[in-house]
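Working notes for the structure below.
The values are calculated or read from the model by the stated rules, or taken from the named source; none is laboratory data. Please read all numbers here as calculations on a predicted model, not as lab measurements. In this analysis, Cβ positions are derived from the backbone assuming ideal geometry, glycine residues included, and neighbour counts consider all displayed protein chains.
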Amino acid sequence: MKKTIAWWERLDPDMGRMLRNLSWGTAARLLSLAAGLAVSVILARGLGAEKFGQYQYALSIMSALAILATMGLDKIFVRDLLQHQRPAGEILAEAAALRGVGGVLVMLICGGIALWGSLPAEEGVLLCIFALSHFVAPFQVSALYAESCQDLSPVAKAQFWKTLIGLGGRALTVWIFPDNLNLIALWLLLDGIALAVLLQHYIKRRLSLPALNKPKLAPVLGTFRRGWARSLAGAATHVHAYLDIILLGFWLNKATIGNYALGVQIIAFCGFIPMMLLDVLFPKVVLAYKKNEQAYHAILIAFFRLSTINSLVIIGAVTLCSKGIIPAMYGKEYESLATLLPFLAFRFLFMSFDIVRAAAVYTEDLLRWALIPMGCGIIINGLLSWMFIPTYGVWGAVFASLFSYGIATFFVDVMHPKMRKKVWFAFYGMATFYKFRLSNLINPQSGQK
C-alpha cells in the first residue's frame, strides 16, 4: 500500500522520518508505560503484598531468561535488512527460526527450574505459564522489517491496541478471579498472540511486507555463529537486571521481595525511553558508521548527551514524586518503596548509557566483547549481594546492583581499544549535555565539538 507523505517529510525527508518515528514510538511507549503502571497498581492492590511478591518473583526469573527467546539478535537482523545484501524474506525467516529455537530453550530452562529448583510448586507453575508467552515470538518478526524501513507507525498502532486489550483483560481477571495467579499469568501469552496478529494487520496496510522464505539451516547457523556472543551478552544483561531480586528470595519474605521488585519494575517502565531511542536512532548510527568516522563519533556523542538529559529528568521526577505517589497508588503495604525508589532510579542512568553502547557494539560487530562487561557485572552483583543482603536487606541489594552496573557500563570497556574511545564519549557527553542539538542526530557533522 502506498504510504502517505506528510508535508514536513517533503521539506526534509530525514527530519520527517525521524520525527514521525519518534512521535509514534513515544506515543506507543507512553501508553505502554501508563498501562504497565496501571497493571502494577491493579495487581499490587488486588493480590496483596504476599501474593504479588510470589507473582513478581516468578516473573523476575522468567524475565532474566527472556532474551533467549529472541537470541538477542534482533539488531543484527535489522542491520542486515538495512544493508540489502540478501532478500528480506530470507532474513526474516532466519529471525523467526531462531526465535522458535529460543522459545523452546526458555521453556526447557523454566521447566527444569520448576521441577528441580527450590521454587515452591505454585511459583514453578507460574514460571512455566510465563515461559509459554515466548512461543509467539517467531510470529512478531514483521516488526523488524518496519524498523529497517524506518517506519514505526504500524508497530506503534499494534502495540497501542495490544496494550489496551491486555490492560482490560488483566483488570477483569483480577476482579473476577483475584486469587488465581495462573489465570492472571496467562495474559502474558495472550499479549503476545494479540501483538502478532495486530503487527501483521497494520504493517501489511502500511508497507509491502515480504513473504518469508523457507529458512535454510546454513544461513541460520551462520547468523547464530555471528551473533552467539551477543545472545550470551543479552542473556547476561537480563540476568544482571534481575539477579538481585532472585537472590533476595534466599533471605527475605515475599512481601519484601514484592516491594523491591515493584521498584525495579517502575524503573524498567521508564526504560521505554532509551529503547525507543535505540529503535529510532540505530539505523542512523549504522548509516553514519558507513559514511565516515567523524560522523559516527558525532552521532554517538549526541546520543550520549541525549541519554544524560533523559536520565536527569527521570531521576529528578522519581525523587520528587515517589513519597507522595507510591502510597497513594499502591497502598500502605508498599510505603517503604517510596524511600527506596529514588536510589533505584539511578539504574536508569546505566540503562540509558548501555543502550548507546549497544548501538556501537552492534554497528561495529563487537559482539564477543559485549560478554566481558556483562559477565563482570553479574559476578560483582552476585558477590556483593551475597555479602550485603543478609545484613542490610534491600539496601544491600541496591548497593550491589548500582555498583555492579557502574563497573559494567563505564569501566570495563577501557580494556578494549575500540570501546575505550566510547567511554570517553560517554563522560564527555555527560559533561556537555547542554550542547545537545537534535540536528546532530539527524545529520551528524564532522566538526561537532
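Note on the range 82-96: residues that are surrounded by fewer than 22 Cβ atoms within 10 Å (Cβ to Cβ) and either farther than 17 Å from THR223 by Cα or under 21 Å from the mean Cα position of the chain (by Cα) (or both) total 1.
Of the residues SER352, SER322, the single one that is surrounded by fewer than 22 Cβ atoms within 10 Å (Cβ to Cβ) and either touching a Pro at 6+ places or on another chain (Cβ under 9 Å) or basic (Lys, Arg) (or both) is SER322.
Would it be correct to say that LEU209 is closer than 27 Å to ILE76 by Cβ, among the aliphatic types (A, V, I, L, M) and touching a residue at least 24 places away in the same chain (Cβ under 8 Å)?
Working: closer than 27 Å to ILE76 by Cβ: yes; among the aliphatic types (A, V, I, L, M): yes; touching a residue at least 24 places away in the same chain (Cβ under 8 Å): yes.
Against the criterion (closer than 27 Å to ILE76 by Cβ, among the aliphatic types (A, V, I, L, M) and touching a residue at least 24 places away in the same chain (Cβ under 8 Å)), LEU209 qualifies.
Here TYR145 passes the criteria (1) assigned to a helix (DSSP H, G or I); (2) closer than 29 Å to ILE245 by Cβ; (3) among the hydroxyl-bearing types (Ser, Thr, Tyr) except the one numbered (2).
Take the residues in the range 184-233 that are of a type in the set (Lys, Arg) and crowded, with 17+ Cβ neighbours inside 10 Å, then tell me which one is farthest from the chain's Cα centre (by Cα).
Looking only at the range 184-233, we keep the residues that are of a type in the set (Lys, Arg), and these are 204-206, 214, 216, 225-226, 230.
Filter once more, so that each one left must be crowded, with 17+ Cβ neighbours inside 10 Å: 206, 230.
Details: ARG206: 25, ARG230: 15 Å.
Applying the filter and picking the extreme gives ARG206.
Does ARG29 count as charged (D, E, K, R), at pLDDT below 70, part of a helix (DSSP H, G or I) and farther than 30 Å from TYR334 by Cα? So ARG29 fails the test.
With respect to being at pLDDT below 90 and either more than 20 Å from MET419 (Cβ to Cβ) or small (Gly, Ala, Ser) (or both), TYR334 fits the description.
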